[in-house]
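See below for the structure under consideration.
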Amino acid sequence: MRRMSTPARHRWILASLLTLALAGVVLLVPRLAQAGPTAGCGKAPTLTSGTRSIQSGGQNRSYILSIPSGYNNTHAYRLIFGLHWLNGTANDVATGGSDGATWAFYGQKQLSNGSTIFVAPQGIDNGWANTNGRDITLVDDIIRLVEGDLCVDTSQVFAMGWSYGGSMSYALACARPTVFRAVVVYSGANLSGCSGGTQPVAYFGIHGTHDSVLNISNGRSLRDTFVRNNGCTAQSPREPAQGSLTHITTAYSGCRSGYPVQWAAFDGDHTPSPVDGSTSTSGTRTWTSAEVNTFLAQFPASPSPSSSPSSTSSPSSSPSASTSPSASASASPSSSSSPNPAGACSATYRTINSWPGGFQGEVTVTAGNAPIRGWTVQWTLASGQTITQVWSATLTSSGSAVTMRNVDYNGSLATNASTTFGFLANGSPSNPSLTCTSP
């Protein structure tokens, strides 16, 4: 699907770009933004979905805009920028390429449930050299145009991208920390510069342990910039062994409230869509889309202009990596739990997101009054439900009976410690009755 047809050539190109980027960075001035709804709220929009042109920095540039089909100008929407890879295109990001709609905007469009306006800018020469800050300026100009015409929640502006697109997402975090609430960097490096780079931005880095194009040391370096900026406790997160065909997600502890840092290392090469247990890559089966969706879901939205003001607390600092392989998300209105006797375990379910015909669920497993070594969670699927993808657990099923067991890195829990696993399913969400047991 998103494969580089000539790996050696691309390694040389990216290595050259990395050298240039490290030789010097462009000085840019961030645009300050206030959280809340934009001037486009309440207006009849003139922008429509599709490929659009924009004058930026004296050049004719383009981008693809995707507005929810049920757009309401009194509701403030999230805004997500999806940035393409080297020799990729905005259309690849917007359509999902060979994986189709399930992988559009790195899988986030399918999971957004109509809550998000998406933008895929087109890089010059299908890259993000950001010469003289021209690509930062392009994003500034698009944001200004979109916010002036559509109803956007400025506290919910995000960027994500793979490879060169990840590098550009990192550059946006460095240069526009008051604009972007969080960024997701898949297999990135410092290729597009880092002007500023001293202010906190919520950060999720994803990288293959034996990436043959951009070594994982590049991803660690980008991550550590925001470990420092966000005041997180420095550590060397666990990473999976080669041949394990799995991933380990670490949520850093000690971060400033509202500025988590998360790191996912996977046993694989240069791809944005690794699949646990397989050397193949597929946007329809990868764990990355759901984990990214969960990461973004933790950030509270500002009230829409038609809503009454209400107090919204900032997200808490990230939990310890030793007990939670995925970041916490905002509380779900639907949840259920099992009892927690001494020495055993309990399991709590919540619906993270839902859309017509499917939903994303998360289960938190908590040890009782003594440590446990291994756990099993069981429940019965409601009518019409089928599980299509699981991460941080192994699934066995018989008819509607579901059994989830720990994987190697999250089975041992200290007294009262917790871990989570997640899944995607077809059907409508429900409140299952969970049973948790420990050997």
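Tabulated data for the structure shown
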read-out	value
Members of the range 221-234 found to be touching a Gly at 6+ places or on another chain (Cβ under 8 Å) and either of a type outside the set (S, T, N, Q) or over 15 Å from Ala173 (Cβ atoms) (or both), listed by number	Leu222, Arg223, Gly231, Cys232, Thr233
Exclusive hit being touching an Asp or Glu at 6+ places or on another chain (Cβ under 9 Å), surrounded by fewer than 24 Cβ atoms within 10 Å (Cβ to Cβ), within 26 Å of Asp99 (Cβ to Cβ) and among the polar types (S, T, N, Q), set Ser282, Ser302	Ser282
Single residue of Gly100, Gly82, Gly88, Gly40 found to be small (Gly, Ala, Ser) and part of a helix (DSSP H, G or I)	Gly100
Subset of the range 396-412 that is assigned to a strand (DSSP E or B) and not polar (S, T, N, Q) - its residue that is most open to solvent (accessible area, probe 1.4 Å)	Arg405
Residue that is farthest from Ser69 (Cα to Cα), among those in the range 120-145 that are under 22 Å from the mean Cα position of the chain (by Cα) and surrounded by fewer than 23 Cβ atoms within 10 Å (Cβ to Cβ)	Asp140
Hits in the range 60-75 (condition: within 21 Å of the chain's Cα centre (by Cα) and open to solvent by 10 Å² or more (accessible area, probe 1.4 Å))	Ile64, Ser66, Ile67, Pro68
Residue tally, condition over 16 Å from Thr294 (Cβ atoms), part of a strand (DSSP E or B) and under 28 Å from the mean Cα position of the chain (by Cα), over the range 339-364	2
Pair list, Cβ < 6 Å and 6+ apart or interchain, from the range 422-435 residues that are open to solvent by less than 20 Å² (accessible area, probe 1.4 Å) to residues that are modelled with pLDDT under 90 and among the hydrophobic types (A, V, I, L, M, F, W, C)	Gly422/Trp391; Phe423/Val390; Ala425/Phe359
When residues of the range 378-395 are limited to those that are among the polar types (S, T, N, Q) and touching a residue at least 60 places away in the same chain (Cβ under 8 Å), the one surrounded by the fewest Cβ atoms within 10 Å (Cβ to Cβ)	Gln389
Selected residue [over 18 Å from Pro272 (Cβ atoms) and not basic (Lys, Arg)] from Ala202, Ala189	Ala202
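The values are calculated or read from the model by the stated rules, or taken from the named source; none is laboratory data. All values reported here derive from a predicted model rather than from experimental measurement. A quick note on method: Cβ atoms are made from the backbone with ideal geometry, for glycine too, and the neighbour counts reach across all protein chains shown. The protein model used for the area step is the full one, side chains on, heavy atoms only, and it has no ligands, DNA or RNA in it. Shrake-Rupley method; radii C 1.70, N 1.55, O 1.52, S 1.80 Å.
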